[in-house]
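What follows is calculated from the coordinates using simple rules that are stated; it is not laboratory data. As the structure is a prediction and not an experimental result, all values here were calculated from the model. Virtual Cβ from ideal backbone geometry, glycine too; neighbours counted across all protein chains shown.
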Amino acid sequence: MKLSRRNFLKSTAALGAMSTAPAFTGISSAQAAEGDYKALVCIFLFGGNDAYNMVIPDDDAAYQAYLDARPGLAIERGSLVPLSLKTENDVALGLHPAMQSLQPIFMGDRAATVIVNSGQLVEPIIGRSSESPRVPDFLMAHNLQQTMWQSGAEEMEDKFGWAGRMAKEMQMSGTLSPLMSLNGEQKWLRNSNLEQLVMTSDGAGDYSGLSQAERVEAMSRHFETKFANLYADNYSLTMANRYYENVDLDEALGGVGDLEGFPDTTLGNMLHTTAKLIKSRDSGSMKHNRQIFFLGLGGFDTHKDQANKHAALLGEVSDAVAAFYNEIKAQGLSESVTTFTMSDFGRRVMANDSGTDHGWAGHQLIIGGAVDGTKAYGKWPDLTPGSEYDYNNGRLIPEIAADQVNATLASWFGYEGQLDSLFESLKKFDEKTLGFMKDRQSQFFG
C-alpha cells in the first residue's frame, strides 16, 4: 500500500490526538513577490568528469592541439555535436556525440551555454605575474573537492553549504522545506535554519509496513510518548517529523501523477521527480516560490575503459537533462528554472592507458531559458605541455573560479546580499559574476 495522507488520516481518524504538523515551518520571503518563482537544479557528476571529452574544440588549431594531447582518447572531430557557440578567444565548441539530445536546446532555443575551463580557485592565477600563487588545498582529492564545490573555495571550515547559507539569508518560504536532495544529505543545502528534505529518486518513501490500522495506532502511541531519555525522546520526535513530512510529500507528488518522456535511468528518475516537485510547488504541502534541488550521478572516476564508460554516462546526462528541460518548458517555466553541472574536478589531459588521472580544471553546462546561450563563457586554454595553463603534467589550471559561477547563479536566483560575503574568495577577483544569466549581468566591484 502506497502511503498517502488520505489513507493515513483514515487509519488515524479515531486517534484524535495525533498531530500532523509538518517538520518545516515556512517563513515569509521578503524578496519574492507572488508568482516570482525560481529554481536551481544542481547535477553533481561524482568522481571527476572528463570535461575535455564532454566539450571539445571544433576549430582547426585547437582540435589539433587536443588530438596531440590525447591521441588515444580524442573524440573524432567529424562526430562532434555542433553547438554554434564560440569561446571568448573565438574557438568553436562541440559536444561529445553521446550528447546529441542537448543540441536543440543549445542551437534551437539558445537556452544553454558552456562555462569553459572553470574550477576551484582562491585567487586568479592565469595572466597574473605571481611566481608562487596560492592554490586551493586538497587538489585532486575526491571528498574534499566535492566539499569545496558545495561550501565555497574559502568556506571549507564552515559547516554549512553555500546554497543553504543563501537560503537562510533569503528567508525562503514553504510548508515543506524548499531545500531538496534526491541524493542523500548534502552539505550544499545545509544551514542553521532549514532542514533539507531528503528523498529517493521516486520521491516519498513507501511505508508499506503501516498498511494496517493497528500498526498505525502503535506508531502513533510511540510518537505521542514522552521518553525520559533525551536521546530516545529526540529520536522519536525526529522520526515523527520525517514520517509526517513524507505524508505531505507523497500528497504533493500524488496530485501531479507521472510525467511523460523521461528515460528510466538513475538521473532520468531523479529529474522526473524534480519536475513533479516543481509542478506541485503551489500545493498545500509546498507553497514554494523558490526551490533548490541537489541531484547526483556517480561513475565519473574513469581511470580505465573511459571511452565506453564516459560515453554511457554522458548519454544518460544528456537524455535526462533534455527530457527535464522539455517538461519544464511545457510547464511554462523555462525561464524560471536553471540547471547546472558540478564535478569534483576535471581530468588530466594526457591519457593514462585507457583512462585518465585526476586533474583540476573542467567545463560546466548551464541550461535554462534565462541563460544567455549566444556564446560560451571563458577562453579555451592552451593544452600544450608547459603552457601557463599546465599546472602539473597535463593538469590544467582554471581561469574561471567556481565561486564566480556560483555567485552568478545566486544573483539570478534573487540573493541580494554581498556576494563576497557568501563567497569570500571573490574579494580577490575583479569580476564577481559572469553575465551568463539574461536578467543579471556582470557586476563589478572596486
- Query: Which pairs break 28 Å Cα to Cα here: 86/187; 38/187; 38/304; 168/427; 38/159?
  - Reply: 86/187; 38/304
- Check: C-alpha center region 331-401 vs C-alpha center region 84-156, spacing in Å is 3
- Taking 318, 421, 336 and counting other beta carbon atoms within 10 angstrom, the fewest-first order is 421, 336, 318
- Query: Just one of [x] 23.5; [y] 22.9; [z] 21.4 is Kirkwood radius over Cα pairs in Å calculated from these coordinates, so which is it?
  - Reply: [y]
- What full-extension length gain, to one decimal in nm, is calculated for residue 64 and residue 427 as 0.36 nm per residue of separation minus the Cα-Cα distance? 126.9 nm
- Message: What does DSSP give for the chain in terms of the percent of beta bridges that are antiparallel, rounded to the nearest 5?
- Response: 50
- Quick one: among 255, 378, 47, which has the greatest mean-square fluctuation in a GNM of the chain with alpha-carbon springs under 10 angstrom? 255
- Item | Relative contact order [Cα under 8 Å, 6+ residues apart], the chain, whole percent | 29
- With r defined as the distance between the Cβ atoms of residue 416 and residue 110 and R0 fixed at 30 Å, what FRET efficiency is calculated, to the nearest 0.05? 0.60
- Starting from the Cα of residue 200, step 7 Å toward the Cβ, then list every residue of region 255-269 with an amide N under 17 Å from that point. 258, 264-269
- Query: What length, rounded to one decimal in nm, is gained on full extension from residue 264 through to residue 90, with 0.36 nm per residue of separation minus their alpha-carbon distance?
  - Reply: 58.8 nm
- Item | Nonlocal amide H pairs with residue 342, under 5 Å, H built at 1.01 Å | 43, 44, 45
- Report the label-to-label distance for residue 132 and residue 225 in nanometres (one decimal), using points 7 Å from each Cα along the Cα→Cβ vector. 6.3
- Task: Compute the relative contact order of region 88-206 as a whole-number percentage, counting only Cα pairs closer than 8 Å that sit 6 or more residues apart in sequence.
- Result: 16
- Expected sort for 88-98, 293-303 on mean C-beta neighbours within 10 Å, highest first, is 293-303, 88-98
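Treating only the Cβ of Lys, Arg, Asp and Glu as charged (+1, +1, -1, -1), what charge dipole size does region 300-435 show about its Cα centre? Round to the nearest 20 debye.
I would put it at about 120 debye.
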- Query: Gaussian network model of the chain, Cα springs within a sub-10 Å range: biggest mean-square fluctuation belongs to which of 410, 69, 228?
  - Reply: 228
- Along the positive direction of the dipole of the chain (beta-carbon charges: Lys, Arg +1; Asp, Glu -1; about the Cα centre), which of 106, 229, 73 reaches farthest? 229
- Given the options 56, 126, 366, state which has the largest fluctuation in a GNM of the chain using a 10 Å cut-off (strictly under) for Cα springs. 126
- Query: Can you name the helices of the chain, as whole DSSP H runs, whose Cα span along the helix axis is 27 Å or more and whose Kyte-Doolittle mean is not below 0.0?
  - Reply: 306-330
